[in-house]
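Any read-out appearing in this document is the output of simple, stated calculations on the displayed coordinates, not a laboratory observation. Just so it is clear, the model here is predicted, and its values are computed rather than measured. Quick reminder, even Gly has a Cβ in these numbers, built from the backbone with ideal geometry, and neighbours come from all protein chains shown.
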Amino acid sequence: MQTLEEAGITTYPFGFVVAVGSNEVQWQVTGQLADGEKHDTPTADVDGAPAPWADSTVQDGGEEWLAAVIGRAEAPQIAAIARWSTREGSRPDHVGVTVTFHNGAKAFVRRI
């Protein structure tokens, strides 16, 4: 694994690349502040029960794998992990996960 920048990809400022066999899977990360938060002040961590998640044996570096990796971390700051492909009305070209934190902030991780 390496950052997009380390892989020479400068189109997106935040993200990472995962090597899976002879292939690479690229992910962009964007965020949304919690309600009332501002970029000029630190966001407070809020701990709670780690997000429930379903284990996966998939090792392809895809959406299910990513959700399982995040879930296995059992981070007390993460309230929920939602896979985009399992949502009602999902698009086949819309692959990623939304990570919702207990403080209300969100991270959107999409395959690029």
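Quick look at the values:
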| read-out | value |
| --- | --- |
| Protection proxy ranking, peptides 34-42, 96-104, 50-58, average beta carbon neighbours within 10 Å, highest first | 96-104, 50-58, 34-42 |
| The stretch 5-66: C-alpha gyration tensor shape, a/c 1.5 cut-off, then a/b vs b/c | oblate |
| Residue-by-residue Karplus 3J(HN,Hα) for the stretch 95-112, coefficients 6.51, -1.76, 1.60, Hz, glycine and proline x | 10, x, 9, 10, 9, 9, 9, 4, 7, x, 6, 9, 10, 10, 10, 10, 6, 10 |
| Global geometry of the chain, whether rounded, prolate or oblate, following the gyration tensor of its Cα atoms and the 1.5 cut on a/c | oblate |
| Phi to ³J(HN,Hα) by Karplus 6.51 cos²θ - 1.76 cosθ + 1.60 over the stretch 50-64, Hz, x for Gly, Pro | x, 4, x, 7, 9, 5, 9, 9, 5, 10, 8, x, x, 4, 4 |
| Within-11-Å neighbourhood charge of Pro76 [Cβ basis; K, R +1; D, E -1] | -3 |
| MRE, 222 nm, helices only [DSSP H, n ≥ 4, -39500 (n - 2.57), over the chain, to nearest 500] | -2500 deg cm²/dmol |
| Label zone at Ala82 (point 7 Å along Cα-to-Cβ), backbone N below 17 Å, the stretch 27-41 | 30-35 |
| For the stretch 37-72 versus the stretch 88-103, the gap between their alpha-carbon centres in whole angstrom | 12 Å |
| Computed label-point distance, nm, for sites Ile112 and Glu24 using a 7 Å Cα→Cβ extension | 1.2 nm |
| Highest-first arrangement of 22-28, 9-15, where packing means the average Cβ count within 10 Å | 22-28, 9-15 |
| The chain, dipole about Cα centre (Lys/Arg Cβ +1, Asp/Glu Cβ -1), debye to the nearest 20 | 260 debye |
| Dimensionless Rg over Rh [the stretch 52-101; C-alpha; Kirkwood] | 0.96 |
| Interchain or long-range residues, amide H under 5 Å from Gly96's placed H | Trp84, Ser85, Arg111 |
| Summed residue charge, Cβ within 15 Å of Pro13's Cβ, Lys/Arg positive, Asp/Glu negative | -1 |
